[in-house]
1. How many percent of all Cα-Cα pairs in the protein assembly as shown sit more than 59 Å apart?
2. Exposure proxy check: A:Ile199, B:Ile107 ranked by fewest other beta carbons within 10 Å?
3. Of all alpha-carbon pairs in the stretch B:386-504, indicate the percentage at a distance above 21 angstrom.
4. Just how far, in whole angstrom, is the stretch B:173-214 from the stretch B:91-128 if you go by their alpha carbon centroids?
5. When you have a sec, figure out the Kirkwood radius of the stretch B:186-345 from all distinct Cα pair distances and drop it here in Å to one decimal?
6. Apply the Kirkwood formula to the stretch A:186-304: the hydrodynamic radius equals the inverse of the mean of 1/r over all pairs of different alpha-carbon atoms; give it in Å with one decimal.
7. List the pair-distance distribution P(r) of the stretch B:102-157, using every Cα-Cα distance, as the percent of pairs falling in each 5 Å bin from 0 up to the bin containing the longest distance, rounded to whole percents.
8. Of all DSSP beta bridges in chain B, what percent run antiparallel (nearest 5)?
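All of the numbers you see were taken from the coordinates with simple rules; none came from a lab. Worth saying up front: this structure is predicted, and the values here are computed from it rather than measured. Don't worry about glycine lacking a Cβ; one is built from the backbone with ideal geometry, like all the others, and counts go over all protein chains shown.
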Amino acid sequence: MLSFIGRSIVQKTVTLFFVSIVSFLIIHLAPGKPSQVNPLNPKFTPELVERFRKAFHLDEPLYDQYLYFYRDLFTGKIVSWKDNRPVLQKIWERFLNSLPLFIVGTLLTWTLSFPLGIRSAIYRGGVYDRTVTFFSYLLISIPGFFFAYVLIIFVVTRFHVPVIGMETFGLGDASWPPMVMDRVWHLLLPSVLGATGGIAVLSRYVRSQMLEVERQEYIRTAVAKGLHPDQVHYKHALRNALLPFVTMFGLILPGLIGGSVIIESIFSWPGMGRMAYEAILARDYPVILTVNFVSAVLVLAGTFISDILYMVADPRIRL
Amino acid sequence: MTIKRLLLIIPSVLVLFLLQSYFWVPTYEDQTKGNPQRLVQFITASIGDASLLNPILSADSASSQIESLVFEGLIDRDENLRFRGRLAKSWEIYEEAYFYVNDEAKIPGSGRIMPGEILSLLQARKSSAHNPANLQASLELIKEINILPPHKFKTIVSIGGREIKATVSAPPRIKLVLQRVDQDLFKNLKLILGKDYFSSFPGWKYVSTDLDIGRAHLKDLARKLLPATEHNPVIVFHLRPGVVFHDGHPFTAKDVKFTYEAIMDPKNLSPRISDYEPVKQVVITDPLTVKVIYKRLYSPALGTWSMGILPEHLLNKQALTKEAIRRGMDPETFSIRQSEFNRHPIGCGPFVFKEWKSDRYIILDRFEGYWEGPPNYKQYVFRIIPDLLTQEMEFYAGTVDSYSVQPHQVARLKNDPRFQSFSGLSFGYTYIGYNMRRDLFKDRRVRLALGMAINVDEIIRYVLYGQGERITGPFVKQTDYYNHGIKPVPYDPDGALRLLEEAGWKRNKQGWLEKDGKKFQFTLITNSGNDLRKAILAIAQDAWKRIGIDVRTDVLEWSVFIQERIDKHDFDAVILGWQMGIEPDLYQIWHSSQTHSYQLNFVGFKNKQADDLIIKIRQEYDHDKQVEYCHKLHQIIAREQPYTFLYVNKWTAVLDKRIVIKDVDKNGQVVYRKITPTKTGDYTFYFNKWIKLPRVPNFSPGG
């Protein structure tokens, strides 16, 4: 176990190093220039552009720029080119905004998919199963932005309550219970939208996993020896069907920093996705690269965690 | 079974908890109608967030919108786009002109004369009654004539990478003080001093260097160090007394000088540096008077002083050093760019900065001590709502007070009885530019014919939903500079064919135009991400195909489009747009010196007459004369057709109908008026007097 952890950490560090090089190259070699050195703004004289390039180290060879960037990143001195604010501080603020959305979305996905999927598997081929299947595919295929617009227009015209932003705008100084509930309400629509795709996919997974386990002989044995059907499905079958999902748990981690550009834009949610997207448009290299680096770290950490979880959940597996 | 129950109970509880929050949320009704606070609050929405709230550093429109409320400039423009004083009560512009005495030149009728004699000669001619009219006009402007004695100075210059010490012993110089700026002064003085008096000035004789740099370099250097003639326009601003910054600190000439210096400080990387590069010196004559001396004639100079003025006491060297130490940063490299000031700005504008939540909102409170009296609104809120449909929904719900209508919605919203609407022309135009370096487009008739083949009115009607107007030249359509006498190119495919035939293009058997066995064929490109331009691309291609031109099209990603095609001049024809300022300075886009790679005259327009006019417009300080030159320049560009000028967009904005202008009349009575746009379409001009009423007011037809 310990040797596995050691090996894994070394491997992942090497991978991270290559990721950092490749992502740095992709971003620097991609067409487009930071908006501060955009040559088609008549206000920017060549001297000014030159000065900006110097200030951003853009006039130096790529490997030097690489070193400058990672030195600044690890000493925490990295600042955004757009507004000169520390990148880590910016990311942290956005992370805190995205976090509730992520938590509620994930909770909805994981708590709703299981009952839906299990029931589908138990009554496979029935009306219930067909309905769930239909809606799953419907939700997978509806574009998120369209669904979001439909929902917003429906809620706003029907119920006359605000839905966008993180809280009702201009709520002023209300006491804390309404404040909290107001925030919860504003979480509802975006997290439901964020979760729909997840629920649709995950409940399909649960269904097929359950089906596979239900075909096993020990299930037939359990049924044959006269156990209560609930006992069979929820104890014998479900436990064994859960194994693959344990590993999926670790893979949720990168979602922490992802954020959805479309949902966040439509709901004016000041989250990570929007910040990263705007940084890409303005070619704000420090922000793009830092987000990239942090998400690479999270992906690697996520796979690491799922490996460990696998070992813990199934003692037969030795890595 | 516990597991089964848990699997059902947990999601149900979660969903119920989320849904019950609905009962705690105030409805839009509570927020807008039942809330008296809402009436003294103006809320507007923007797609993007501001970047730096510092007028000398930011270049984006969201930041400048906030800056225009928090900061105030020395001047701005009134309803008719003329300048009016803000922090400056008044100003005057005059000129100091210099020329070196050329003791080698022979004066017509007098021969070689001493410097003192030049003085008396000029004075004598000034009082003479037999001068030509233009000379007389120039002479009459002269207020003072002085001789500056010879003087010596040393300087270090770099030539070809070498540092060279130069010693200059300048000859006497004559200084003229003029009542007004006169760009023709030296041209007219030549009538007295001889036509070679200035051009034959042997400046190189007075310059010596420690290393030999050769005759040619020496002459170049001399021209820089000892220019034979020099125009120094001067603007004197008389500042408004009693103005204070939001922190109570009085505003003085020191702040103006500081703002200028902050822009010029290379550490700050100000994008406005090019506007102020022509400034030679800013002099404080007394706490409420600033004199700005320019190196050369540059008439857009006055307009640059509409820039917000920074508070010196918060951003000077000491203040920055203190901040750097407090935040644990190196005071040596710490500049205004890093300062916290950019997120908590303090100016002397009508609104005080209160709060900024990134990507959510910026809140400003009114400034009770504003010199023109505080605005009617108590609060200005700038919400960031990146999605247009969401913005629209918020506007209908009443949590945003204004909404910029998209072209396809205009017909629906313009006459909606719930709202008041305003519309006007924007400061930019869309065009098709032809690469005039290519043989195909060298002939003016060909360019004109290409324009005649396109039905622009139809583009406006169907692509823009009627929200556009035709434009014939490069000036802002609602200014005086635009020449309304010029008719747009008519839609006339037959006429186009006739013109092309004149130019040697004839239709072959397949119907394609041909000249010397070569088909008329080229590629029209534009950038991706702009649906309007893409639509025009298809329309133009089709229109040209109909008269027998084989046009290929290509849509490229913006940065590739600019770097690989426009900057390298690798294109035949291109659809693009320009955003313009009010100043009629066309140097960068139309002057023939700007046709190199990475410059903005990428179509390669070269016209001697146009060049002269562009320079003259830049140097002319008299509005009427400027207008006259602009009209001529407009004519030349319209005749030459380097672009097919297509259209200028129309914008429409809707406001809540309850928002009105509240004013106090002569008898001290409060009066309410309907918001009316100025002549140029600016409806926010009287923003400080706006207020929202509890219900829609009824105005008599007279207003």
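1. Working: 123156 of 521731 pairs.
Considering the protein assembly as shown, 24 percent of its Cα-Cα pairs are separated by more than 59 Å.
2. Details: A:Ile199 23, B:Ile107 16.
Listed from fewest to most nearby Cβ atoms, that is B:Ile107, A:Ile199.
3. Every Cα pair in the stretch B:386-504 considered, those over 21 Å come to 57 percent.
4. 11
5. By the Kirkwood definition, the hydrodynamic radius is 19.2 Å.
6. Values: mean 1/r = 0.0575 Å⁻¹.
Hydrodynamic radius (Kirkwood, Cα only) of the stretch A:186-304 equals 17.4 Å.
7. With a bin width of 5 Å, the distribution comes to 4, 14, 21, 19, 19, 9, 6, 5, 2, 0.
8. Restricted to chain B, the bridges split so that about 85 percent are antiparallel.
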